[in-house]
Each structure stands twice: as C-alpha cells, then as structure tokens.
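Each remark here refers to the structure printed beneath this line.
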Amino acid sequence: MSLLEIKKAHLKLDNKQILKGISLSVNAGEVHAIMGPNGSGKSTMSYMLAGRNGYELESGDVLLNGESLIGMAADERARSGLFLAFQYPVELPGVGGIAFLREAVNSRRKHLGEKELDHLAFVKEVRKVAGEMFVKDEMLKRSVNVGFSGGEKKRFEILQMAMLKPTVSILDETDSGLDVDALKTVSDGVNSQRSDSNAIIVITHYQRLLDYIVPDYVHILSDGIIIKSGGPELAREVEKNGYAGIINAS
C-alpha cells in the first residue's frame, strides 16, 4: 500500500526551478533514502512535503494515505501523520519539553478520534518512551532544544517521532553534526520505529548513516530530478565513486 505518493512535483523558488518533476511512491513498511550533492533539491523536497510557507508546488500533487496534501497547512499535515525531523532543530525558549510533546501528541490523537491523554497519563508514557530513546528526564523539563547538544537535539526529535507515531517520517540529514556514538544512538531510535504500518524517508549526503539505518531503496537526486534508483548498493557506489559518474551517465 502506498502511504506517500509524489506525482510530477514542480517547484520554483525566487523564479528558479528547483524541483523539476519528481515522482516517488513510498509503500508501508519501506525505508527510502534520498541522496544527492548540495543544491540538488533534497531539503526543498522535505520542506515542500511538510508544508513550509513559500514551498508550494507549481504543479503536481502529493498524496498521504491517498489524500492530497495540496492546500493543507503544515500543522494539518502533521496531524494527518507527516513528520519532519529538521537538519538543524530550532530552540523554543520558554516552551517546556513535556508541555510541547503533550500538545503535539494530543492534537494528533484528537485528529484520529482518540481520547486525549491527561497530564499524569502523558508524563508516565513520555518518560517510558524517553528512557528507550536515551532522553534524560531533565531534558524533558527544559525548554525545547535550549542548551541541548547536537546529539540531544536529534534524540529529542526521534522522541517526538516515537510519541506521535506518524504515518510517514522524513529525516532531513539527521546525521548532521553527530559523532559516531550519537549517530548510533539516534539510528537505533529510528530503527525501533520501523514497522509494517509506517514509512521513513532518510535524506542524507553520506553512506555512513545508511550503515545504521539500512534503506530498502536509494534514490539519487540531481538538479531537481531523481536520476537513478536502486538498493543499498547504490549508496555504497556513491561512497566509493562520488556523484559525478552517476550524474554524467544520466
């Protein structure tokens, strides 16, 4: 079953064509990796999917569970089951971690027709999941991402993913700024969320992340289009030979 379908997506920024007809189908239970050089359109694609202002499609469509996302605001897309983990998570001074998570989770539960969690029930659940994600209790009491290290910010994002239980998760260069230990911890958290009922899109420059989060499919994005798709071996080819050979052969 296709959870996310991108159909001939075209997008301009400042009168420059960035996405030039991307099409991609992501089925339940699958992990897809999007790779490509700087300026290829990877982050633009993630912002477009998440509904960031200014990143509306010029033409094409995006379907989540068969429903078009065109015209949906970012918060509507999130409630519908789309999750974006940012390359550089922002700080939210004055917004406590537990309060932030509870508001997000209850908003999603309400959308799904489920009963909202009261404070005590939520605190019990979030502490349980946070322990599994190696997120310390004191991090939950602080303002979101304020004073967090790079690894702590990424772990907190994966905690959000675990609590929200999204249909499709987009991880935009989650490996950025992580040392090897932090990369393994974050990857373990992502892998724990893989299931037959969801899908994950991993956006990355490098093979090293895909040693930990092994994808089913790898797609090479260049100049706004997907020029080649394959299995995990395609990422190893990039690591060995770079992007130039693949781009020149397309």
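Laboratory data are not the source of any read-out in this text; all were calculated from the coordinates shown. Not measured: the values here are computed from a predicted model. Cβ sites come from the backbone with ideal geometry, for glycine too, and all protein chains shown count toward neighbours.
Brief remarks on what is shown
- Subset of the range 148-173 [within 30 Å of Glu116 (Cα to Cα) and not in a helix (DSSP H, G or I)]: Phe148, Lys165, Pro166, Thr167, Val168, Ser169, Ile170, Leu171, Asp172
- Residue in the range 23-37 that is β-branched (Val, Ile, Thr) and either more than 20 Å from Asn198 (Cα to Cα) or without any contact (Cβ under 8 Å) to a residue 60 or more places away in the chain (or both) present: no
- Pairs are defined by a Cβ separation below 9 Å, a sequence spacing of at least 6 or placement on different chains, a first member in the range 206-228 that is free of Cβ contacts under 8 Å to residues at least 12 places away in the same chain, and a second member that is of a type in the set (S, T, N, Q) and buried (at least 19 other Cβ atoms within 10 Å of the Cβ); the pairs so defined are Asp211/Ser187.
- Extreme residue, surrounded by the most Cβ atoms within 10 Å (Cβ to Cβ), among residues of the range 171-191 that are out of contact with any Phe, Trp or Tyr (no Cβ under 7 Å at 6 or more places or on another chain), closer than 19 Å to Ala104 by Cβ and not aliphatic (A, V, I, L, M): Thr174
- A single member of Tyr88, Tyr55 is of a type in the set (Phe, Trp, Tyr), surrounded by fewer than 19 Cβ atoms within 10 Å (Cβ to Cβ) and more than 15 Å from Thr167 (Cα to Cα), and it is Tyr88.
- Scanning the range 149-170 for any residue that is out of contact with any Pro (no Cβ under 9 Å at 6 or more places or on another chain), buried (at least 22 other Cβ atoms within 10 Å of the Cβ) and of a type in the set (Gly, Ala, Ser) turns up at least one such residue.
- Residue within the range 19-26 that is within 27 Å of Lys154 (Cβ to Cβ), part of a strand (DSSP E or B), more than 17 Å from the chain's Cα centre (by Cα) and not aromatic (Phe, Trp, Tyr) present: yes
- Selection within the range 70-83: residues that are within 16 Å of the chain's Cα centre (by Cα) and within 19 Å of Ser2 (Cβ to Cβ). The member of this set that is surrounded by the most Cβ atoms within 10 Å (Cβ to Cβ) is Leu82.
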